[in-house]
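The values are calculated or read from the model by the stated rules, or taken from the named source; none is laboratory data. Model, not experiment: these values are computed from the prediction. All Cβ positions, glycine included, derive from the backbone under ideal geometry; neighbour counts span all protein chains shown.
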Amino acid sequence: MTETASGATETAGDLPEFPSSRSRENPFLPPPGLLALHETGESLVRVRQWDGETPWMSTSHEVSRQLLSSDKLSAGISAPGYPITTPSMKAHAPHMEPGLNNTDGAEHTRWRRMLTNSFTRKRMALLRPEIQQMTDELIDRMLEGPNPANLNEAVSLPLPSLMICALLGVPYEDHTFFQKHATVVNSTTKTAEEGAATNKALREYIQGLIEKKMDDPQEDVLTDLGEKIKEGVLAMDEAQRLGLMLLVAGHDTSANMITLGTALLLRNPDQLAALRENAGDERFVANAVEELLRYLTIAHLLARRAVLEDFEIAGVTIRKGDGVIAALPIANHDPEAFPDPARLDLSRRASHHLAFGWGPHQCVGQQLARIELQVAFGSLFTKVPTLSLAADFDSLRFKEDSQAYGIYELPVKW
Ligand code: HEM
């Protein structure tokens with residue numbers, strides 16, 4: 001039996017499932033079973049996980065923000081109550097070493113500080129011309145190749161992969177290796193053995209690169225991490241973990257946004273027409289990207305926490321050892337924060353969305369991702385005005401089994 005927000009008790013079987021399935025009709029929207037919770041008027045509800053645990057889930061944009069900035073919650077995956085979404089994570093959790101995404105307070109600040117200079121807004125803005133040039137080249141190459149093409153392979157994956165390689169100092173020739181492993185890292189259905197093998201392969205790979213850069217420094221983030229090792233402020237295994245996270249999060253997320261956003265726009269011709277008309281207006285495109293980020297919220301399973309001490313929020317007492325999910329897609333479809341949330345409206349004010357999270361763990365790479373998406377969406381439909389889907393919409397395979405929501409292949413023609 002589980003105590004709910006109203007103080008009533010329910011059996012776990014009566015509770016909504018997290019995660020739950022999307023609708024085939026509109027797979028761009030968050031799961032209907034979770035969206036319906038907005039109508040209950042409760043900001044915090046109990047949900048049921050695959051392992052029978054019943055963490056709290058926030059349905060409200062405002063409450064999610066409060067939760068994610070609270071020092072009474074921990075991002076520690078092995079902290080009691082932390083909501084664990086997959087069997088492989090459950091197997092891995094007790095052995096999880098501390099890192100950027102699973103520490104709190106001063107310890108987390110120390111990790112963040114390792115990257116302070118690498119991802120500043122100013123530094124990312126300087127990359128825009130290079131991102132534009134890469135995007136143009138990738139689109140031109142797609143147009144010269146076979147028609148139809150898979151957008152993932154032609155543009156969505158190479159663009160952020162090339163950028164994160166350039167920033168970190170990872171050879172792009174190795175993209176098949178790291179993209180394949182990133183898919184395993186993000187998979188929710190991998191076995192514990194597959195997870196461990198992928199982790200080992202990526203860490204050894206990153207270590208090899210850092211060692212090379214310690215002998216022969218370059219202008220890149222892995223060299224910066226190597227310098228920190230030499231200064232004695234970072235250990236090699238810590239640098240491996242940071243490098244791994246940046247490499248994986250640095251390409252798979254933006255790639256999924258480009259593919260999914262393109263498919264969503266092709267399904268919304270009026271919004272696509274508005275984007276094409278205003279493609280030369282940087283402010284319109286920047287805002288359109290915020291709306292796409294809000295609508296799609298591809299980090300659909302992230303922002304989970306464990307409660308460190310009892311506290312009251314939204315009229316509910318949550319207890320030490322409870323789990324909390326600040327369900328980002330549900331917060332981004334909260335009608336209180338975004339009226340008529342299921343309507344894609346590229347001109348709505350959407351920048352207060354939580355697609356990059358909120359609070360101390362907010363996304364490190366958000367400025368980079370924003371510029372990649374602004375350039376991609378600002379260029380694709382003007383350079384390829386006849387771009388359309390080259391497959392039956394119903395045949396598209398959506399990534400419900402990945403930490404980063406997306407579409408496995410997007411066949412397009414022009
Ligand atoms: C559209 C693209 C992206 C989305 C939607 C996204 C989303 C997110 C979200 C929601 C979080 C917070 C998770 C939490 O609070 O538990 C996060 C954290 C993080 N992201 Fe991203 N991300 C994107 C792109 C990137 C890129 C390009 C990079 C690297 C260059 C990156 C690196 C990171 C890192 C290192 C963290 C952990 C930060 C911390 O825990 O302090 N992300 N991201």
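What the table below lists for this structure:
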| quantity | calculated |
| --- | --- |
| Among residues of the range 94-108, those that are within 15 Å of the ligand (Cβ to nearest atom), in a helix (DSSP H, G or I) and either of a type in the set (Lys, Arg) or touching a residue at least 12 places away in the same chain (Cβ under 8 Å) (or both), counted | 2 |
| Pair list, Cβ < 7 Å and 6+ apart or interchain, from the range 138-150 residues that are modelled with pLDDT of 95 or more to residues that are part of a loop (DSSP other than H, G, I, E, B) and not hydrophobic (A, V, I, L, M, F, W, C) | ASN150/GLU409 |
| Residue, nearest to VAL248 (Cα to Cα), within the range 180-198, restricted to residues that are surrounded by fewer than 18 Cβ atoms within 10 Å (Cβ to Cβ) and in contact (Cβ under 8 Å) with a residue 60 or more places away in the chain | THR183 |
| One residue from ARG397, ARG319 being closer than 18 Å to THR253 by Cα, without any contact (Cβ under 8 Å) to a residue 40 or more places away in the chain and away from the ligand (no atom under 12 Å from the Cβ) | ARG397 |
| Given (1) β-branched (Val, Ile, Thr); (2) farther than 30 Å from ASP237 by Cα; (3) out of contact with any Gly (no Cβ under 9 Å at 6 or more places or on another chain), index of the condition THR54 fails | (3) |
| Residue ID - farthest from ILE77 (Cα to Cα), chosen from residues in the range 291-316 that are within 11 Å of the ligand (Cβ to nearest atom) and among the charged types (D, E, K, R) | ARG294 |
| Selection count, the range 179-225, where residues are part of a loop (DSSP other than H, G, I, E, B), of a type outside the set (Val, Ile, Thr) and within 19 Å of the chain's Cα centre (by Cα) | 1 |
| Residue list for the range 153-193, restricted to those being within 16 Å of the ligand (Cβ to nearest atom) and in contact with a strand residue (DSSP E or B) (Cβ under 7 Å, 6 or more places away or on another chain) | ASN186, THR188 |
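Here's the yes/no breakdown for (1) modelled with pLDDT under 95; (2) closer than 22 Å to PHE119 by Cα:
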{"residue": "CYS165", "(1), (2)": "no, yes"}
{"residue": "LEU168", "(1), (2)": "no, yes"}
{"residue": "VAL185", "(1), (2)": "yes, no"}
{"residue": "THR188", "(1), (2)": "yes, no"}
{"residue": "THR191", "(1), (2)": "yes, no"}
{"residue": "GLU204", "(1), (2)": "no, no"}
{"residue": "GLN207", "(1), (2)": "no, yes"}
{"residue": "ILE210", "(1), (2)": "no, yes"}
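Listed here are the residues, each with its yes/no results for (1) of a type in the set (Val, Ile, Thr); (2) under 17 Å from GLY99 (Cα atoms).
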{"residue": "THR183", "(1), (2)": "yes, no"}
{"residue": "ASN199", "(1), (2)": "no, yes"}
{"residue": "LEU202", "(1), (2)": "no, yes"}
{"residue": "LYS213", "(1), (2)": "no, no"}
{"residue": "ASP216", "(1), (2)": "no, no"}
{"residue": "GLU219", "(1), (2)": "no, no"}
{"residue": "LYS230", "(1), (2)": "no, no"}
{"residue": "MET236", "(1), (2)": "no, yes"}
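To keep it simple, each residue is scored yes or no on (1) closer than 27 Å to LYS399 by Cβ; (2) surrounded by 18 or more Cβ atoms within 10 Å (Cβ to Cβ); (3) within 14 Å of the ligand (Cβ to nearest atom).
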position	(1), (2), (3)
TRP111	no, yes, yes
ARG121	no, no, yes
ILE131	yes, yes, yes
ILE139	yes, yes, no
LEU151	yes, yes, no
